[in-house]
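Chemist: This is the structure I have questions about; it appears just below.
Taken together, the values in this text are just the output of simple stated rules run on the coordinates, not laboratory data. Source: prediction; values computed, not measured.
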Amino acid sequence: MSIQHFRVALIPFFAAFCLPVFAHPETLVKVGKILESFRPEERFPMMSTFKRIHYSQNDLVEYSPVTEKHLTDGMTVRELCSAAITMSDNTAANLLLTTIGGPKELTAFLHNMGDHVTRLDRWEPELNEAIPNDERDTTMPVAMATTLRKLLTGELLTLASRQQLIDWMEADKVAGPLLRSALPAGWFIADKSGAGERGSRGIIAALGPDGKPSRIVVIYTTGSQATMDERNRQIAEIGASLIKHW
C-alpha cells in the first residue's frame with residue numbers, strides 16, 4: 001500500500017496513523033515494523049481484581065454512563081476497566097488512575113516499557129483540552145502504535161491479561177461510526193476511541209481480515225472546526241482507504 005493512496009483524504013484536517021505489523025506469522029509480530037505513516041512523530045492529544053471500589057456523587061465527571069449507575073454498590077477494578085474501554089466512561093478512567101497512583105504513575109509505567117513519548121498529566125475531563133503546542137496528555141502515533149503492539153502481543157502482559165484486554169477492546173460500544181463502519185464482513189477489530197476539544201478525535205485499533213488482527217492502526221485528528229459527525233466520517237474514510245489498499 002502506498003501512502004499516496006490516502007494522502008488526499010488527510011489534507012482538510014490534521015491526522016496521522018502508522019501500521020506496525022501485528023499478527024501472523026509470529027516473527028512479524030515481534031518485529032513490529034512500521035508499514036506506512038503520515039506525521040507519525042508529531043504530538044496529538046490522547047483523549048481516554050476483586051476489591052470493590054466505592055465512590056460518591058462528587059467523583060462523577062462528565063460522561064459517566066456506567067459509573068453513575070453504581071453509586072450505591074461501587075464497582076470492581078475489572079468492571080471499571082470494562083466501563084472505561086467499552087463505554088469510554090470518564091469516571092471509571094479516573095478511579096482506575098487513582099488505584100495506580102495517578103497520571104504520573106501511568107506515565108512512569110509507559111516509560112518503563114520503552115515509551116518515552118506518551119504522557120498523561122491530568123485527569124478526566126481536563127486531559128481532553130487539546131491546547132495547541134501543549135505537550136501535556138499527548139502522544140505520537142508511532143509511539144502509541146508501538147505501545148499497543150507490545151500490550152497486545154504478550155511482551156508485557158500475561159496471556160490471560162492480553163486476552164482480556166483484546167476482549168474489552170473488541171467489545172467497544174462507542175466506536176461504531178469510525179473504523180468499524182468501514183470494515184468488510186468477517187474482519188476483526190479491537191479498538192479504543194477518544195474525543196476532545198478543538199476538533200480532536202482519535203482511535204487506536206488492531207484489525208485484519210479473516211477474523212484475525214494483522215495490523216495496528218492509529219489515527220488522530222485535532223485542530224479542526226469539524227463537527228463530531230464530520231470527524232467520525234473523516235476517520236471512517238481513512239479506514240476505508242486503508243482497507244481498500246490492505
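Chemist: Past 19 Å, Cα to Cα: identify those pairs from K150/K173; K69/K173; K150/K212, in the order given.
Modeler: On the way: K150/K173 24 Å; K69/K173 17 Å; K150/K212 17 Å.
Long pairs (Cα-Cα over 19 Å): K150/K173.
Chemist: Please state, rounded to one decimal and in Å, the Kirkwood hydrodynamic radius that the stretch 8-245 gives when every pair of distinct Cα atoms enters the mean of 1/r.
Modeler: Working: mean 1/r = 0.0552 Å⁻¹.
For the stretch 8-245, the Kirkwood estimate is 18.1 Å.
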